[in-house]
Amino acid sequence: MPDNQRRRTDVVVIGAGMAGLACATDLIRAGRSVRVLEAADAVGGRMRTDRHEGFLLDRGFQVFNTAYPQVKRRIDLRGLRLRPFTPGALVRTEDTTLRFTDPSRQPGAVADLLPGRLAPGRDLLALGLLTARDMLGPVAGLKRRPDRTTLTALADAGISPDLVERFFRPFLSGVFLEDELETSSRFFHLVWRSMLRGTLCLPSAGIGAVPAQLADGLPPDTVRLETPVAELTDDGVRGEDGTEWPADTVVVATGPRAAARLLPGLDVPATRTVTTYYHAALAPPLREPTLLVDTRRRFLNTCVISEAVPGYAPAGRSLVSTSVLGPELPGREATLRADLADAYGESTSGWEPLATYTIEDALPAMPPPWPLSRPTRTGPGRYVCGDHRATGSVQGALASGTRAARDVLAADSARDTADARHG
Ligand SMILES: Cc1cc2nc3c(=O)[nH]c(=O)nc-3n(C[C@H](O)[C@H](O)[C@H](O)COP(=O)(O)OP(=O)(O)OC[C@H]3O[C@@H](n4cnc5c(N)ncnc54)[C@H](O)[C@@H]3O)c2cc1C
């Protein structure tokens, strides 16, 4: 074997994000030899956590949802030592802060839902019906509903423009990473269902603990880090350093931009960019693990993340996470800090800026009609998976990886059957 050629495997998976790790897990369970080639110095893709001066900083703020079907199937939740956020959110308006809670989990908050308190009775009825339908109805029915923008779907459900502005727009813009609510209503209903049925939380060791757990379940040496793939060849892939990795089958499990480069002609969606600012404070500006969102769209969401997971900050410090739409801009941190002083109702002048993460391609844009799942096979022995082939979420990435593995195995068995017939 030449120096620049590695041992042959049945499958090479490109990318060790959630999709690639799920795909590799299923293929290995089915008896295939698999190599996962990852460009970065650790697994996780968009779900990684850095350590910085005793703080845990996720690369872009995100929450983990325990109700996603793929999460329930694949993840040992206990092993993650999850810490929950308060169900619901605080909404900072022009003149006050409103608390929207889920009364089924916080019975004490039922009074907030008295007509007129947060919204008129008509709105509360519409919200109750929408919620009951999404939460209790079969998921298949939900997927079959016509796809529209979320804004249209909310209006059709009888939610008034006032409640959209006071709650849905500020809250959902942090989920979709866009504030026009132009995202697919099917995706909205699925996410709404998962939020109502599950718990929004974070692992004690940071969001990166989730993919790390999947990677730990693979045989040693399956994942090869710092190995960027330059191109697919007739017999596998070639690394950027010229090394050949021969394989019968290649699964491209990268984000959309790299997938389009590796598989020319692949249709990939536009993406959303988000920037997360981390600040250290001597005392928590809010003494509860609750997301604070903003009707004036100055930020997507902010929270004292160490109130949810104390281990995110060293003793005596608090970690505040704030996300905004788009890239980092000159002077933005200073403006944001002033906005946060208003939002939290206390001075932020003593806060220490710790780090800023801009995540390009954080999520695929998902305008309607958005197919919840796309084909994985792009040619003989070539497959693609990742959240851009399903939905921009942990559930979407895992489901897409699962489907790619199933399609690889189905093609193998179809070939075996054909060989047996002709042999
Ligand atoms: C800031 C932010 C907030 C989010 N919030 C949430 C949330 O609250 N809830 C939720 O469910 N989801 C959320 N998401 C989405 C979720 O994190 C993603 O959908 C999911 O992690 C995508 O996984 P993936 O495997 O499809 O892609 P990725 O995680 O992008 O993995 C692709 C991998 O491929 C590697 N790669 C790329 N090119 C090459 C190459 N040439 N050779 C080798 N390797 C390569 C990359 O390094 C990467 O590791 C959020 C994402 C971000 C960024």
In order over region 86-96: 3J(HN,Hα) from phi, Karplus 6.51/-1.76/1.60, θ = phi - 60°, whole Hz, x for each Gly or Pro, gives 5, x, x, 7, 9, 10, 8, 9, 3, 10, 7
Regression test value, accessible area per residue of the chain, probe 1.4 Å, units Å², expected 43
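Per 0.36 nm of contour for each residue apart, how much would the distance between Asp50 and Asp416 grow if the chain were fully extended, relative to their Cα-Cα spacing? Show your work: numbers first, answer last.
Numbers: separation 366, 0.36 × 366 = 131.76 nm, distance 4.55 nm.
Full extension of this stretch gives 127.2 nm more.
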Contact order relative to length for the chain, counting C-alpha pairs under 8 Å separated by 6 or more residues, stands in percent at 25
Between Glu231 and Thr97, the two model label points (7 Å from Cα along the beta-carbon direction) sit apart by a distance in nm of 5.6
Taking alpha-carbon centroids only, region 69-97 lies from region 237-287 a number of Å equal to 24
Given a Förster distance of 41 Å, the FRET efficiency implied by the Cβ-Cβ spacing of Leu129 and Arg297, rounded to the nearest 0.05, works out to 0.90
Per its Cα gyration tensor (rounded if a/c is under 1.5, else prolate when a/b beats b/c, else oblate), region 4-102 is best filed as prolate
Residue-ordered couplings for region 180-185, obtained by feeding phi - 60° into the Karplus form 6.51 cos²θ - 1.76 cosθ + 1.60 and rounding to whole Hz (Gly and Pro as x), are 8, 6, 8, 6, 3, 5
Distance in Å, no decimals, from the C-alpha centre of region 309-367 to the one of region 1-16 is 41
Between Leu200 and residues 5 or more places away or on another chain, the pairs with built amide H atoms under 5 Å apart involve Phe85
For region 160-269 the GluC sites (Glu not before Pro) that pass both the DSSP coil test and the at-most-13 other-Cβ-within-10 Å test are Glu180, Glu226, Glu240
Listed by chain and number, the residues whose amide H is under 5 Å from that of Val252, excluding neighbours fewer than 5 places away on the same chain and using placed H, are Ile14, Tyr383, Val384, Cys385
Measure of exposure for Arg74: accessible area at 1.4 Å probe, Å² rounded to 10, is 40
In region 338-386 the accessible area split gives carbon plus sulfur, as whole percent at 1.4 Å, a share of 53
Relative contact order as a percentage, region 176-261, C-alpha pairs under 8 Å and 6+ apart, gives 11
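Antiparallel as a % of all DSSP beta bridges within the chain, to the nearest 5? Can you show the working numbers first?
Details: 45 of 63 bridges.
That works out to approximately 70 percent antiparallel.
The values are calculated or read from the model by the stated rules, or taken from the named source; none is laboratory data. Keep in mind that what you see is a predicted model, and the values were worked out from it rather than measured. Note: ideal-geometry Cβ built from the backbone for every residue, glycine included; neighbour counts use all protein chains shown. Heads up: the accessible areas ignore ligands, DNA and RNA and are worked out on the full protein's heavy atoms, side chains in. Shrake-Rupley method; radii C 1.70, N 1.55, O 1.52, S 1.80 Å.
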